[in-house]
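Participant: One structure, as C-alpha cells, below. Some questions next.
We did not get these values from a lab; they are worked out from the coordinates using the rules stated. Keep in mind that what you see is a predicted model, and the values were worked out from it rather than measured. All Cβ positions, glycine included, derive from the backbone under ideal geometry; neighbour counts span all protein chains shown.
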Amino acid sequence: MCGIFGYLGQDEAAPILLDALRRMEYRGYDSAGIATLCNGRLQRRRAAGKLTSLANLLVRNPILGRVGIGHTRWATHGKASVTNAHPHQSSHVAVAHNGIIENFREIRVELARHGITHDSETDTESAAHLCQYLLNQGMTPLEAARNTVQRLEGSFALAFLFEEEENLLIAARRYSPLVVGHGKNEMFLASDVIALAGLTSTVTFLDDGDLAVISRSGLEVYDFTGARAVRHRTQVSIDSTSAGKGSHQHFMAKEIYEQPRILAAAIKKLGEDAKLLVPDSIVQAVADSAQIELIGCGTASYACQIAEYWFENLAGLPASSGVASEFVHRHRRLEKDTLGIFVSQSGETADSLNALRHMRERGGRTLAVLNVATSTMSREADLVMPIHAGIEISVASTKAFTCQLIALVTLAISVGYQRGCIDKEKYEHHLDELGRLPGLSSAALSCDAEARSAAQEISGSASVLFIGRGTMFPLALEGALKLKEISYIHAEGLAAGELKHGALALVDSNMHVVALAPSGPHFTKTVSNTEEIKARGGQVLLLSDTQGLEVAPTGGWKAMTMPAIDPLFAPIIYAIPLQLLAYHAAVELGTDVDHPRNLAKSVTVE
Ligand code: AGP
C-alpha cells in the first residue's frame with residue numbers, strides 16, 4: 001500500500017526520491033508524487049498511474065532541491081487522480097501520508113469555517129491545511145506539526161516539508177510504520193525499510209506516538225506532547241538483489257521458482273533458530289499453552305487454517321484459526337494460558353496488528369510468525385519466529401506461504417515431541433521428511449507445462465472450484481484466492497465433503513473443478529467427490545501422485561502428477577501447482593501479474 005520517502009542531504013532530491021519510490025512499487029499504488037524545496041520554495045510534481053508517468057513528467061518539467069518528500073498512493077479516499085495524489089500542499093507546507101485520518105470530515109468542516117477550502121477528496125489534504133492554519137497562528141513548524149498530529153484520529157505515517165526550511169523534515173507515526181535512515185551528511189525517511197536499499201543500513205525505527213525532527217545533523221524524537229524520547233539506531237541488512245526478476249518475466253514466477261532453494265535455506269535456519277532437537281523458548285511457550293488461536297489475513301490465514309490441523313493432530317493442543325479482521329469483533333473469554341500465533345509475511349498488516357493488540361489487551365501471549373523481521377509486529381509480539389523466505393515482491397504471496405507452512409509444521413512437530421505426543425522415532429521420521437521438501441518442491445515445479453495447459457483452459461472459465469479434504473481444504477481456499485487475485489477469474493475453495501450441501505448445484509459442463517487428492521487417508525473420499533462432479537458434466541483437474549492417478553477412475557478434464565509425499569507435508573508441495581496454475585492463467589489473460597488491480601502487497605489500513 002502507500003509508500004512514503006523523504007530525503008535531506010547534499011544531492012538532488014528528485015532522482016533519489018523517484019528511485020526509492022520504485023523500490024516500494026511492489027506494495028501497490030495508483031498515483032505518485034514528489035515535493036522539494038528549491039531556494040526555499042515548495043515545488044510539486046504529481047501523476048496518476050505508474051511511476052513512469054511521474055518520471056516522464058519530471059523529464060519534461062524537472063524540479064530541483066536537496067530536500068524533499070515523495071509518495072506512492074493506493075487510493076482510499078477519492079479516486080486515483082493527480083488532484084488526489086500526494087504530497088498535498090497548503091501554501092507553506094507539503095504533506096505525504098499513509099493510513100487513514102478518521103476525523104478528516106470534522107476537520108474539513110472546522111477549516112471551512114475559517115474560509116479554507118480543499119481541492120482533493122482525500123483525508124490527507126485536511127492535515128496539510130490544518131498545519132498551515134496553525135502556522136498562520138504564529139506556531140513554528142515543529143509546534144504546528146505537533147498540534148496537527150494531536151488533532152488527528154486514526155492511523156498515520158506523516159511526512160511534513162516546510163517552505164523556507166531547507167534543513168528540516170518532520171515525521172510522525174501512529175500505527176503506520178516509519179523508519180529514519182542515517183547517512184553521511186544526509187538523512188532519509190521511509191515507510192518501508194526496503195526503500196533504503198543501497199542508501200544506508202543504519203536506521204532508527206520510530207514507535208507509535210513518535211514525532212521525528214530530521215535535519216542534516218541527525219534525528220531528534222519527541223512524543224506528541226513534546227517530551228523527548230530516546231530511540232536507538234540499529235543496523236539492518238537490506239537485500240537489494242531480491243529487487244530483480246532474474247531471468248523471469250514477473251516477480252511472481254521468480255518467487256515460485258526459487259522455492260526449492262528458499263525452502264532448503266529456511267529449513268536450515270529454522271533448525272538453528274528453533275533448535276529442533278532441544279526445545280527452545282518458543283517451543284516451550286507453545287507446549288505450555290492451554291489453547292492456541294492462529295490468526296492472519298488472506299494467504300496467511302490459510303496457513304493458519306492448515307496449522308490448526310497440525311497443532312491438534314501432532315501436538316494434541318486445542319487450536320482454532322480465524323481471520324484477523326473478525327478476531328477483533330470476538331470477545332470470547334480467553335482460556336488461561338492462551339497463546340495467539342499471528343502469521344504475517346509483512347508484519348505490517350493493519351488487521352493482523354489490531355488482532356495482536358486485541359489479544360494482548362485481553363491478557364493472551366503472542367507469537368508472531370513473520371517474514372519481515374524488522375516489522376512493527378516483530379516489535380509488538382512477545383515472541384517472534386522468522387520464516388526466512390527472503391524479500392517477497394509480488395503481491396501474490398507464494399514462497400512466503402510455503403515458508404509459513406514450513407515454520408508452522410516444524411513448530412507443531414517440535415511441540416508434539418516436547419509434549420510427548422510424538423515419540424523419538426516418529427519425530428526423527430518427520431524431520432527426515434521435512435528435509436526432503438526442497439527436492440520435492442523441485443519435482444512439483446516440473447508440472448509447469450501441465451499447469452500452463454490447464455491454465456489455458458480455465459482462462460476461458462467464468463468460475464473455478466477448488467476442493468480438498470483435511471489440510472487440502474484450506475489449501476483449496478488458497479488455490480482459489482491465488483487464481484482470483486491475479487487472473488480475476490471467480491474462484492471458490494470448498495471442503496470436498498461440503499459439495500453436496502450446496503455448491504454441487506453450480507456444476508455443469510462449464511464448471512472447472514480442481515481437486516487436491518494426494519494418496520493418503522482422504523484420497524478415496526476426495527476422488528468419490530470428483531466422480532459426483534464428472535457425473536454432472538463438470539470438468540475435473542485431478543492433482544495426485546502416480547499411485548493415486550493409477551487407481552483414480554479415468555476421464556474428466558486433466559490430471560497433474562505430483563511427487564509422492566507424506567500426507568502431513570502435502571499442502572506445502574501441492575501449493576506449488578496451484579501457484580503455477582494461477583500464474584499461467586493470469587499471463588494468458590494478460591493481467592498485471594505482480595500488481596493486480598485494486599490490491600496492495602502490504603495492507604496497512606483496516
Ligand atoms: C496473498 O497472495 C495476498 N496478496 C494476501 O492475501 C496476503 O497474504 C494478506 O494480505 C496478508 O498479508 P501479510 O502476510 O503481509 O500479513
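Participant: Going by alpha carbons, how many degrees (0 to 90, nearest 10) lie between the helix axis of 570-589 and the longest principal axis of the chain?
Facilitator: 60
Participant: Separate question: What is the mean projected area of the alpha carbon convex hull for region 98-144, to one decimal in square nanometres?
Facilitator: Convex hull of Cα atoms, orientation-averaged projection: 3.5 nm².
Participant: Can you give the extra length, in nm with one decimal, that the chain gains between Leu589 and Glu498 once fully stretched, where that is 0.36 nm per residue apart less the Cα-Cα distance?
Facilitator: Numbers: separation 91, 0.36 × 91 = 32.76 nm, distance 3.03 nm.
Here the answer is 29.7 nm.
Participant: Still on this structure, I have one more. Please work out whether region 283-365 counts as rounded, prolate or oblate from its C-alpha gyration tensor, where a ≥ b ≥ c are the square roots of the eigenvalues and a/c under 1.5 means rounded, while otherwise a/b larger than b/c means prolate and anything else oblate?
Facilitator: Oblate, because a/c is 1.5 or more while a/b does not exceed b/c.
Participant: Any number yet on Rg/Rh for region 210-344, C-alpha, Kirkwood?
Facilitator: Ratio of gyration radius to Kirkwood radius for region 210-344: 1.08.
Participant: Under a plain spin-label model, where a point goes 7 Å from the Cα along Cα-to-Cβ, how far apart in nm are Arg597 and Asn510?
Facilitator: Distance between the two pseudo-spin positions: 2.0 nm.
Participant: Let me ask you something else. Once you put a point 7 Å from the Cα of His331 and another 7 Å from the Cα of Glu531, both along the Cβ direction, what distance in nm separates them?
Facilitator: It is 5.1 nm.
Participant: Considering Cα pairs under 8 angstrom that are at least six residues apart, work out the relative contact order of region 491-558 and quote it in whole percent.
Facilitator: Working: 75 pairs, mean separation 23.7, N = 68.
Relative contact order here is 35 percent.
Participant: Given a cut-off of under 8 Å on Cα pairs at least six residues apart, what relative contact order in percent is computed for the chain?
Facilitator: 12
Participant: Let me ask something additional. Label-point separation (nm) for Arg216 and Arg360, each offset 7 Å from Cα along Cα-to-Cβ?
Facilitator: About 3.9 nm separates the two model spin labels.
Participant: While we're here: Sorted from fewest to most neighbouring beta carbons within 10 Å, what does the list Ser126, Ser281 look like?
Facilitator: Ser281, Ser126
Participant: If you don't mind, there's one more thing I want to ask. With charges only on Cβ, +1 for K and R and -1 for D and E, what is the dipole size of the chain about its Cα centre, in debye, rounded to 20?
Facilitator: On the way: 55 positive and 66 negative charges, 132 e Å.
That gives a dipole near 640 debye.
Participant: Using the Kirkwood radius over Cα pairs, work out the Stokes-Einstein diffusion coefficient for region 143-202 at 25 °C and 0.890 mPa s, in µm²/s as a whole number. Don't jump to the answer; show the numbers that get you there.
Facilitator: Working: Rh = 12.8 Å.
D = 192 µm²/s.
Participant: When the Karplus curve 6.51 cos²θ - 1.76 cosθ + 1.60 is applied with θ = phi - 60°, which whole-Hz ³J(HN,Hα) does each residue of region 357-365 get, with x for Gly and Pro?
Facilitator: Listing the rounded values in order: 5, 4, 5, 5, 4, 8, x, x, 7 Hz.
Participant: Let me ask something additional. Along each of the three principal axes of the Cα atoms of region 511-606, give the extent in whole Å, ordering the values from largest to smallest.
Facilitator: Cα extents, longest axis first: 46, 32, 25 Å.
Participant: Given the pairs Lys245/Lys269; Lys482/Lys525; Lys50/Lys268; Lys336/Lys424, which are separated by over 32 angstrom at their Cα positions?
Facilitator: Lys50/Lys268
Participant: Give the angle, between 0 and 90 degrees and rounded to the nearest 10, that separates the Cα long axis of helix 259-274 from the longest principal axis of the Cα atoms of the chain.
Facilitator: Helix 259-274 sits at roughly 80 degrees to that axis.
Participant: Now, a different point. Rank by packing, highest mean first: peptides 564-571, 318-325, with packing defined as the count of other Cβ atoms within 10 Å averaged across residues.
Facilitator: So the peptides 564-571, 318-325, ranked by packing, come out 564-571, 318-325.
Participant: Right, here's the next one. Divide by every residue of the chain the summed helix terms, -39500 (n - 2.57) for each DSSP H run of at least 4, and state the resulting mean residue ellipticity at 222 nm, rounded to the nearest 500 deg cm²/dmol. Intermediate values should be presented prior to the final figure.
Facilitator: Values: 19 runs with 233 residues, N = 606.
For the chain, the value works out to -12000 deg cm²/dmol.
Participant: Enumerate the calculated ³J(HN,Hα) couplings along region 519-528 in order (Karplus 6.51 cos²θ - 1.76 cosθ + 1.60, θ = phi - 60°), each rounded to whole Hz, writing x wherever the residue is Gly or Pro.
Facilitator: Once θ is set to phi - 60°, the couplings for region 519-528 become 4, x, x, 9, 4, 4, 5, 5, 5, 4 Hz.
Participant: Stretched out fully, how many nm does the piece from Asp19 to Asp280 gain, at 0.36 nm a residue minus the Cα gap?
Facilitator: So the chain would gain 89.8 nm between Asp19 and Asp280.
Participant: Give me the extension gain from Arg105 to Asn185: residue separation times 0.36 nm, minus the current Cα-Cα distance, reported in nm with one decimal. Working shown, then result.
Facilitator: Working: separation 80, 0.36 × 80 = 28.80 nm, distance 4.02 nm.
Length gained between Arg105 and Asn185: 24.8 nm.
Participant: Using mean Cβ contacts within 10 Å as the protection proxy, how do 396-407, 249-260 order, highest first?
Facilitator: Put in order of decreasing packing, that is 396-407, 249-260.
Participant: For the chain, what value does the Rg/Rh ratio take when both radii are computed over Cα atoms and Rh is the Kirkwood radius, given to two decimals?
Facilitator: On the way: Rg = 25.5 Å, Rh = 25.4 Å.
On the Cα set of the chain, Rg over Rh gives 1.00.
Participant: Sticking with this structure for a sec: Given H placed 1.01 Å from N in the peptide plane, which residues other than close sequence neighbours of Glu186 have an amide H under 5 Å from its amide H?
Facilitator: Excluding prolines and chain starts, which carry no amide H, there are no hits.
Participant: Which of His584, Leu206, Leu152 sits farthest toward the positive end of the charge dipole of the chain, with +1 on the Cβ of Lys and Arg and -1 on the Cβ of Asp and Glu?
Facilitator: Result: Leu152.
Participant: Which whole-number percent is the relative contact order of region 452-606 (Cα, under 8 Å, 6+ apart)?
Facilitator: Taking the mean separation of contacting Cα pairs over the length of region 452-606, I get 28 percent.
Participant: If only Cα atoms are counted, what is the Rg of region 137-261, and what is its Dmax, in Å?
Facilitator: Computed over the Cα atoms of region 137-261, radius of gyration and Dmax are 17.6, 61 Å.
Participant: Now for a separate question. Rounded, prolate or oblate: which fits region 300-448, taking a ≥ b ≥ c as square roots of the Cα gyration tensor eigenvalues, rounded meaning a/c under 1.5, else prolate when a/b beats b/c? Don't skip to the answer; put the middle values down first.
Facilitator: Details: a/c = 2.07, a/b = 1.22, b/c = 1.70.
Taking the square roots of the gyration eigenvalues as a ≥ b ≥ c, region 300-448 is oblate.
Participant: Beyond 10 Å, what percent of the Cα pairs of region 434-474 remain?
Facilitator: Every Cα pair in region 434-474 considered, those over 10 Å come to 78 percent.
Participant: Taking H placed 1.01 Å from N in the peptide plane, check which residues at least 5 places from Cys38 or on another chain put their amide H under 5 Å from its amide H.
Facilitator: Residues meeting the amide H criterion: Gln43.
Participant: Using the Karplus curve 6.51 cos²θ - 1.76 cosθ + 1.60 with θ = phi - 60°, what ³J(HN,Hα) values do you get for each residue of region 374-387, in whole Hz, with x for Gly and Pro?
Facilitator: Once rounded to whole Hz, the list reads 9, 6, 4, 4, 5, 8, 9, 7, 5, 9, 10, 10, x, 9.
Participant: So for the chain, taking the charge dipole from beta-carbon charges (+1 Lys/Arg, -1 Asp/Glu), which of Asn56, Ala444, Met377 sits furthest toward the positive end?
Facilitator: Towards the positive end, the residue furthest out is Asn56.
Participant: If you don't mind, there's one more thing I want to ask. Between region 514-592 and region 121-138, how far is it from one alpha carbon centroid to the other, in angstrom?
Facilitator: For region 514-592 versus region 121-138, the Cα centre distance is 57 Å.
Participant: Output needed: percent of Cα pairs per 10 Å distance bin for region 42-129, bins running from 0 to the one holding the longest distance.
Facilitator: 17, 48, 28, 7, 0
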